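A quick write-up on the structure given underneath.
The values are calculated or read from the model by the stated rules, or taken from the named source; none is laboratory data. Owing to the predicted nature of the structure, the values given are computational and were not obtained by experimental measurement. Neighbour counts run over all protein chains shown; Cβ positions are idealised from the backbone, glycine included. We work out accessible area using only protein heavy atoms, side chains counted, and drop any ligands, DNA or RNA first. Shrake-Rupley method; radii C 1.70, N 1.55, O 1.52, S 1.80 Å.
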Amino acid sequence: MRKKLALVMTVIMTAAALSACGSSSSSTSTTAAATTATATEAAATEAAAEETEAAAEEVDIEDSLVLYSSMTENDLDNLIEKFNELYPDCEVEVVNGSAGELTARIAAEAANPQGDIMWGGLSNSDGDTYSDIFEHWLSDYEDEVIEDYRSNNGFYNLDHLSTCVFCINTDLEAELGLEINSYADLLDPALNGKIVFSDPNSSSAAWNNVCNIMSVFGKDSDEAWDYITQLMNNGLVISTSSSVCFKSVETGEYAVGITYEDGASTLLKSGATNIRMVYPEEGTSASAFGCAVVKDAPHPNAAKAMVNFLMSADGQNALGEALGTLRMTNSKADFESPYLPKTEDVTWVTRDVDWMIENREQVLEHWNSIYTEVNQ
């Protein structure tokens, strides 16, 4: 970062020297003003970066950290690389697994914790389900988080969003003579048996999408349940894995996957040319996902340092730019992704997170009863 800033300052100084040779006082004055403004911005950026580095240097952390995570290998590699730029002496060990597997493991290890932090699979729709296994601690940057995505349980630090999208195989879409842009389009008989979804009883990604259907059509409304019934009657395929809902679309097994932004955009980043990511015309919403410190973690300072990194604007800018597939939550984070549209270019609907938490059991019971009836 300092090398880049030095380069910016060199350019600024060169521009200032050239402006001094201008033929008019007006030109010189204008260039000088622009130079001063640029120099001020560069100085502010350098000051912020040095402040972050100074804060990191003041924190005395352990020399190792055990990270439990359901995030992708690409996510984890980038997080560890960026974290180690601030804390080069901290060795990070990763234990990968599903959210269910990892929370069960943390609970089983409660008497002798082995992990320090969990990242991914922890959603604001969980409520206080895991209150007993995580330390009730929030990062130093909680007040900078976009208000709708601040912690709703006092121990989840919500750093990124999982926005509901469709992953479309464009080859199959063309073969079927369709243009799929909305929930209504998924009911086309041509898509019978060609839409894949994961199980909302076990998949946080699927539950996220059920929440969005309720947000679009109305919580527990006849319209919402009628839509779900029609979707199931159109041969909706339920998979045991959320990743199938985008990976199997790329391979051409299915035409549409009802999935999440990070998964579908990762395909785009990897160079896939036969898929497109669609935000339903009726509107989309997001679950906020994040991290939490394991209760009685063996390396608590390192764990909190990583959470603070994930929740800071600097950390989210660094990770967001490196990944390009995550939409972050710190209101001061400012980066652009070549794979995600700007937030203002997406049609959003309001999600009643508290209602979904309180009524999760009955919603799933209703979902399961429809599924059983349709598939008997």
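Six or more apart or on different chains, Cβ atoms under 8 Å: show the pairs whose first residue is in region 142-156 and β-branched (Val, Ile, Thr) and whose second is open to solvent by less than 70 Å² (accessible area, probe 1.4 Å).
VAL145/SER151; VAL145/LEU158; VAL145/MET311; VAL145/THR329; VAL145/ASN330; ILE146/THR329; ILE146/ASN330
Could you tell me whether region 214-227 includes any residue that is crowded, with 23+ Cβ neighbours inside 10 Å and under 27 Å from ASN96 (Cβ atoms)?
No, region 214-227 contains no residue that is crowded, with 23+ Cβ neighbours inside 10 Å and under 27 Å from ASN96 (Cβ atoms).
Considering only region 275-294, I want to know if a residue exists there that is within 24 Å of ASP345 (Cβ to Cβ), open to solvent by less than 30 Å² (accessible area, probe 1.4 Å) and of a type in the set (D, E, K, R).
No, because not a single residue in region 275-294 is within 24 Å of ASP345 (Cβ to Cβ), open to solvent by less than 30 Å² (accessible area, probe 1.4 Å) and of a type in the set (D, E, K, R).
Just wondering, is there one or more residues in region 213-225 that are in contact with a helix residue (DSSP H, G or I) (Cβ under 7 Å, 6 or more places away or on another chain), without any contact (Cβ under 8 Å) to a residue 12 or more places away in the chain, charged (D, E, K, R) and over 21 Å from TYR149 (Cβ atoms)?
yes
Those residues that are in contact with an Asp or Glu (Cβ under 7 Å, 6 or more places away or on another chain) and either modelled with pLDDT of 95 or more or closer than 15 Å to SER287 by Cβ (or both), I need them from region 215-241; list them, please. Don't jump to the end; show me each part of the working.
The initial filter retains those residues of region 215-241 that are in contact with an Asp or Glu (Cβ under 7 Å, 6 or more places away or on another chain), namely 216-217, 219, 238, 240.
Within region 215-241, VAL216, PHE217, LYS219, ILE238 qualify.
Taking region 93-126 as the search range and keeping residues that are among the aliphatic types (A, V, I, L, M) and out of contact with any Gly (no Cβ under 7 Å at 6 or more places or on another chain), which one is most open to solvent (accessible area, probe 1.4 Å)?
ALA111
Take GLU101 and decide whether it is at pLDDT below 95, among the acidic types (Asp, Glu) and more than 19 Å from the chain's Cα centre (by Cα).
Numbers: at pLDDT below 95: yes; among the acidic types (Asp, Glu): yes; more than 19 Å from the chain's Cα centre (by Cα): yes.
In short, yes.
Answer yes if at least one residue in region 241-251 is in contact with a Ser or Thr (Cβ under 7 Å, 6 or more places away or on another chain), in a loop (DSSP other than H, G, I, E, B) and open to solvent by 10 Å² or more (accessible area, probe 1.4 Å), and no otherwise.
Taking every residue of region 241-251 in turn, at least one turns out to be in contact with a Ser or Thr (Cβ under 7 Å, 6 or more places away or on another chain), in a loop (DSSP other than H, G, I, E, B) and open to solvent by 10 Å² or more (accessible area, probe 1.4 Å).
For region 332-350, which positions are surrounded by 15 or more Cβ atoms within 10 Å (Cβ to Cβ) and among the polar types (S, T, N, Q)?
If the condition is that a residue be surrounded by 15 or more Cβ atoms within 10 Å (Cβ to Cβ) and among the polar types (S, T, N, Q), then SER337 is the only one that fits.
GLU321 versus (1) more than 22 Å from ASP148 (Cβ to Cβ); (2) acidic (Asp, Glu); (3) touching a Lys or Arg at 6+ places or on another chain (Cβ under 8 Å): which is the lone unmet condition?
(3)
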